[in-house]
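Below is one structure, written out as structure tokens, with a few remarks after it.
Values quoted throughout were computed directly from the atomic coordinates according to the rules given, and no laboratory measurement underlies them. Keep in mind the model is a prediction, meaning the values are calculated, not measured. Virtual Cβ from ideal backbone geometry, glycine too; neighbours counted across all protein chains shown.
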Amino acid sequence: MASNSPWTPEENERFEDALAMYSENTSNRFHKIARAVGTKTVEEVRRHYEILVKDIIKIETDQIPLPKYRVITSNGRAYGNEQRQPMRNGKLQ
């Protein structure tokens, strides 16, 4: 089952679903997550989790810069990093 290959979107989805299912207090958590993913070893799951935690910390402490979105114009209005299209009743206007 050891793959050491990049994670596919499907594997990531199963990983995220299993993370939501098995809390930090679950015994054998990474074994259960690896079983749910199905294609990764316990050690690969543990490493993937540690990378995720580091990424979250970087995001929450503003160590990752905002992406440079291209400017989109609509009705004479420009939207970039600082301006967002207004929403009304949960829908973009």
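Determine, from the Cβ-Cβ distance of Thr41 and Asp62 and an R0 of 35 Å, the FRET efficiency 1/(1 + (r/R0)^6), rounded to the nearest 0.05. List each step's numbers first, then the result.
Numbers: r = 34 Å, r/R0 = 0.96.
Given R0 = 35 Å and the Cβ-Cβ separation, E is 0.55.
Using packing as a proxy for protection, rank 56-62, 32-38 so that the peptide with the highest average count of other Cβ atoms within 10 Å comes first.
My ranking of the peptides, most packed first, is 32-38, 56-62.
By how many nm would the segment from Arg70 to Asn28 grow when fully extended, if each residue of separation counts as 0.36 nm and the alpha-carbon distance is taken off? Show your work: numbers first, answer last.
Details: separation 42, 0.36 × 42 = 15.12 nm, distance 4.49 nm.
Stretched out fully, the Arg70 to Asn28 stretch lengthens by 10.6 nm.
Taking just the alpha-carbon atoms of region 5-58, what radius of gyration and Dmax come out, in angstrom?
10.4, 29
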